[in-house]
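The values are calculated or read from the model by the stated rules, or taken from the named source; none is laboratory data. The structure displayed is predicted, hence computed values, not measured ones. Heads up, the Cβs are rebuilt from the backbone with ideal geometry, glycines too, and the neighbour counts pull from every protein chain shown.
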Amino acid sequence: MRVFSIIGNCRAKAILVQQLIAQLQELDLTVSTIKRVSDDVDLDRPSKDTYQQRLAGAQEIVIANITIMAAMKENANITITMMMKRTDRVESDVDSGVSATASA
């Protein structure tokens, strides 16, 4: 597995990541991305059942339909290594904004 880390806070970074993914796929490589968001962003909403399940104590919530799946895990010490283990076995992982200082 090859890992590329692109860190920054600008629209140009997002465009660069999109172009890099497209070029890696042209090489027939499978690509996963990890996107870091601000710590004050909650990926869930209070009006949703999944939010209430988290409040009730669920440590992990997986939301899915027939074409897409996402997992939310409650853990105060999430590391880049933990995030990478969640991705499928791929040739390239592109993390977008995950600090290199995140401990392994």
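Listed residues Asn9, Asn77, Asn65; which is out of contact with any helix residue (DSSP H, G or I) (no Cβ under 8 Å at 6 or more places or on another chain), of a type outside the set (Asp, Glu), exposed (fewer than 11 other Cβ atoms within 10 Å of the Cβ) and in contact (Cβ under 8 Å) with a residue 60 or more places away in the chain?
None of the others qualify; the one that does is Asn9.
For region 15-22, check the following and say yes or no: at least one residue is loosely packed, with under 12 Cβ neighbours inside 10 Å, over 16 Å from Met83 (Cβ atoms) and in contact (Cβ under 8 Å) with a residue 60 or more places away in the chain.
no
Hey, can you tell me all the residues within region 1-28 that are modelled with pLDDT under 85 and not in a helix (DSSP H, G or I)?
Met1, Arg2, Val3, Phe4, Ser5, Ile6, Ile7, Gly8, Asn9, Cys10
Among the residues of region 58-73, are any farther than 24 Å from Asp28 by Cα, at pLDDT 80 or above, within 12 Å of the chain's Cα centre (by Cα) and not aliphatic (A, V, I, L, M)?
Taking every residue of region 58-73 in turn, at least one turns out to be farther than 24 Å from Asp28 by Cα, at pLDDT 80 or above, within 12 Å of the chain's Cα centre (by Cα) and not aliphatic (A, V, I, L, M).
Among the listed residues Asp28, Asp40, identify the single one that is surrounded by fewer than 12 Cβ atoms within 10 Å (Cβ to Cβ), among the acidic types (Asp, Glu), under 25 Å from Asn9 (Cα atoms) and over 15 Å from the mean Cα position of the chain (by Cα).
After ruling out the rest, the residue left standing is Asp40.
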